[in-house]
Amino acid sequence: MGVPPPKAGGEPTRSVGDYDNGGGTSRARRATGERCRARAREPGKIDRTGPGPPGRPPGVPRSFLFEAGGTDSREACVLGGVQRQGSAGSAAIHFRAAGVILLLAHLLLVSWLMLRPLDVVWVTAANLEPLAGIKADLALGPVEAARRIGEGLLLLAPLGVLLPMAGGKLAVSPLASLTRTVAAGALLSLGIELLQTGVPGRVLDVDSLLLNTAGVALAHLAVVPAGRARLRRRHGRTSAAGSSRRQRGAMLRDDASQGATPTIPRVGIAP
C-alpha cells in the first residue's frame, strides 16, 4: 500500500493517524477553553505577540482568530471583562449622577424655603434650649404639634437617601453609612440655622436642628439598607448570568478556533 506524493504547491497529504479519530481534537478544545479561562483570570498585560493557534488555516486573518479564540482568547476574555465592567461602571455613573442632581435640587428647594426673608411684625427670640420648642409645640394641641414636628422631620429627610445615592456604594458598612449620612445632615442643618440669623424674620432654633437630623436618620434607616440589599442581589444574579454566558461564549470561540473538522484524503492502493 502506498501513499501518493503531495501535489505541487499544495499541502502534504496527511495520514489517518494525524487526526487521532477526533479524540485529540476534543481534548485540544477542552484544553484551549481551560487556558482561555485561566488566562482571563491572570493579572498583567495582554500578550499580543504570540503566534496564532495550532492548525491556523492559511489566509485566515488575525481578527478572525481574535473573535474565535485560540492563542488570542486571552485578549477576548480580558476585553470581554472590560466591556462588562464598563457597562456596570456606566450604570453606576448614571446612578450617582442622578443622586447628585436630585441632591442639588433638594438643597436649592430647602434654601429657598428656609432662607427667604419673612415680612412679619415681630419675631421670637432664638431658642438655644434643646426640646423647649418641641414642648411648646405639644402645648398647642396634637394637630398643630404634629404639623410643626412633621415639618421639622421632613425638611431634610430626603438627604438620608440622596447622600448615599450620590456616593454610589453598595458594599459599605450599614453603621458607617448611617454615621456619615447623619453627620452630613446635621452639618447642613446647622449651616442653615446659622445662615438664618442674618435673614429678616428668621431666628436660630436648636430644636429644628434636632428634628432635621432625626429625619435624616429615620429616612436612611427606612430606605437605604433594604435598597442596597436588593441592588446587591440583582447584581449577583446579573453576574451569575454573565458568567454562564461567558463560559458558553468561550466554548463557542474554542470550537470556532479549531476550524472545520479535517477530512481524510483518499489513499491510493498500489497494484
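The values are calculated or read from the model by the stated rules, or taken from the named source; none is laboratory data. Worth saying up front: this structure is predicted, and the values here are computed from it rather than measured. Ideal geometry is used to build each Cβ from the backbone, glycine not excepted, and the neighbour counts take in all protein chains shown. All accessible areas refer to the heavy atoms of the entire protein, side chains included, with ligands and DNA or RNA removed. Shrake-Rupley method; radii C 1.70, N 1.55, O 1.52, S 1.80 Å.
Quick notes
- Between the beta carbons of Leu138 and Val199, assuming R0 = 25 Å, the FRET efficiency works out to 0.40 to the nearest 0.05.
- Entry note, the stretch 105-191: relative contact order of 23 percent, from Cα contacts under 8 Å with a spacing of 6+ residues.
- Arg202 accessible area, assembled protein chains, probe 1.4 Å, Å²: 40
- Peptides 213-223, 110-120, 145-155, 127-137 ordered by packing proxy, namely the average of other Cβ atoms within 10 Å per residue, highest first: 213-223, 145-155, 127-137, 110-120.
- Accessible area per residue was computed with a 1.4 Å probe on protein heavy atoms; Thr179 scores about 80 Å².
- Summing charges over all other residues whose Cβ lies under 9 Å from the Cβ of Gly167, with Lys and Arg as +1 and Asp and Glu as -1, gives +3.
- Taking 0.36 nm per residue of separation and subtracting the Cα-Cα distance, full extension of the segment from Leu154 to Ala92 would add 19.6 nm.
- Virtual spin-label span in nm between Leu190 and Leu113, 7 Å along Cα→Cβ: 2.2
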